[in-house]
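A short worksheet on the structure shown next.
The values are calculated or read from the model by the stated rules, or taken from the named source; none is laboratory data. This is a predicted model, so every value here is computed, not measured. Neighbour counts run over all protein chains shown; Cβ positions are idealised from the backbone, glycine included. These accessible areas exclude ligands, DNA and RNA; they are computed on the full protein's heavy atoms, side chains included. Shrake-Rupley method; radii C 1.70, N 1.55, O 1.52, S 1.80 Å.
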Amino acid sequence: MFATQASQILDHAIGFEHSCWHTVDPGTILFTGSLNHNIGCSGSWLAEHEYVVEDVNKWWFLARSGRRAGATSLATHGDLSRSARHRSHASYGLGDELRLSFVADGVYWGAAGLLRDQNEPWFTDDDVRVAFALGEVLADGFRRALLATSVVTDDGSGDAPGVVVFDERGDPASISPAAERWIAEMIEIPPPATPGDSKMVQIVAARARSLAAGQDPLQLAARSRVQTCSGRWLLLYGTQLSGAAEGRTAVIIQPAAPNEVVPLVALAYGLSERERQVTRLCIEGRSTKGIAQTLHLSRYRVQDHLKAIFEKTGVRTRGELVGQVFLEHYVPRWEETDRHPPGWQAFAIPPQTHDAPSNKKGGT
């Protein structure tokens, strides 16, 4: 697994005792996979401390600010207790944390937290600079890793949507058998103790709870595209529920439609906006002349774009572009959509009691 190899590289360069790694949906900055080494945390804790509670060095902020790497000790000027995240796990013997956000070509693909024990020296400015430098290389690895998974053919017999319902406290109240099956296929190492504890599901539910009435009328913010162990794509979306019991939320899990996956695959290949337009028209069967007329470009400019597309996707012909690249990611057609999941800011909700991370070998 790429994250395991990346952890070994960073450990050799910087040194740490514990780490957590997450893949990210760049459209909504929600986590889509997790890998923990010698540490564990609940999905509810992860969601609250990354998306709700105010703190230093949140991954999404490091990604958007361009800083990409930061140590808690440096951000708090030597007073770790100023970090809510550190206060929540200090009793487990954990000390300083160095956080990295993996950004390639301006797109946020993953995040990592490197932690040292309480009795170990804090991370230095040099450590942060090394992490930043290595992070640029690792970011491209995270992006390419998304494209490396081979899709296992499925007959579609088990494509029924699943649902997980959370009560007003954010605790799982009920879960459908289909949801249990989908959650079992998600990439979470170690796996959740129960399906309702899935970090990926908890994070989408937390986002749905944080939305004020009328803030997200199209229900696009609490969404995440998740790749399973078999290479299939799932769409998770959260919604608030009305009825006798206020404050309940639900997360629906279902196979992702082509128009949900296409933008992500195009970003993973590093295609520019114009290159994505040319690729779409190529898939529609347009000739070079037809593409040029539609986009108001010269034929020579279209050919330059096609050359760049072939180089980025590793193919030599238009047929390979369609057959060997995009069809492998469930894209029988390219669909235009004018509604893309927007980025979002965390909004405060009443604090809830969640389990803090545990300092336990192999995670929880």
TODO: Give a residue-ordered list of calculated ³J(HN,Hα) values for the stretch 174-189 (Karplus: 6.51 cos²θ - 1.76 cosθ + 1.60, θ = phi - 60°; whole Hz; x for Gly, Pro).
DONE: 7, 8, 8, x, 5, 5, 4, 5, 5, 5, 5, 8, 6, 8, 9, 10
Task: Amide H partners (placed H, <5 Å) of residue 18, local residues excluded - done: 115
Task: Where the stretch 227-318 is the region considered: accessible area per residue in Å², 1.4 Å probe - done: 47
Open item on the list: What are the ³J(HN,Hα) couplings of the stretch 13-20, residue after residue, when phi is run through the Karplus curve with 6.51, -1.76, 1.60 and θ = phi - 60°? Round to Hz, x for glycine and proline.
Closed with: 7, 10, x, 6, 9, 9, 7, 9
- [ ] For the stretch 1-133, give the percent of accessible area contributed by carbon and sulfur heavy atoms, probe 1.4 Å, rounded to a whole number.
- [x] 51
Task: residue 232 long-range amide H proximity, modeled H, under 5 Å - done: 152
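Can you give the extra length, in nm with one decimal, that the chain gains between residue 296 and residue 241 once fully stretched, where that is 0.36 nm per residue apart less the Cα-Cα distance?
On the way: separation 55, 0.36 × 55 = 19.80 nm, distance 4.71 nm.
Taking residue 296 through residue 241 to full extension adds about 15.1 nm, to one decimal.
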Open item on the list: Quick one: 3J(HN,Hα) in Hz for the stretch 25-32, Karplus 6.51/-1.76/1.60 with θ = phi - 60°, rounded, Gly and Pro as x.
Closed with: 7, x, x, 10, 6, 8, 5, 10
Task: Solvent exposure of the stretch 51-113 as accessible area per residue, Å², 1.4 Å probe - done: 35
TODO: Could you work out how far apart the two model spin labels at residue 118 and residue 189 are, taking each label as a point 7 Å from the Cα in the direction of the beta carbon, and quote it in nm?
DONE: 3.0
Open item on the list: Run the paramagnetic zone check for residue 13: 7 angstrom along Cα to Cβ, then residues of the stretch 109-127 with backbone nitrogen under 11 Å.
Closed with: 127
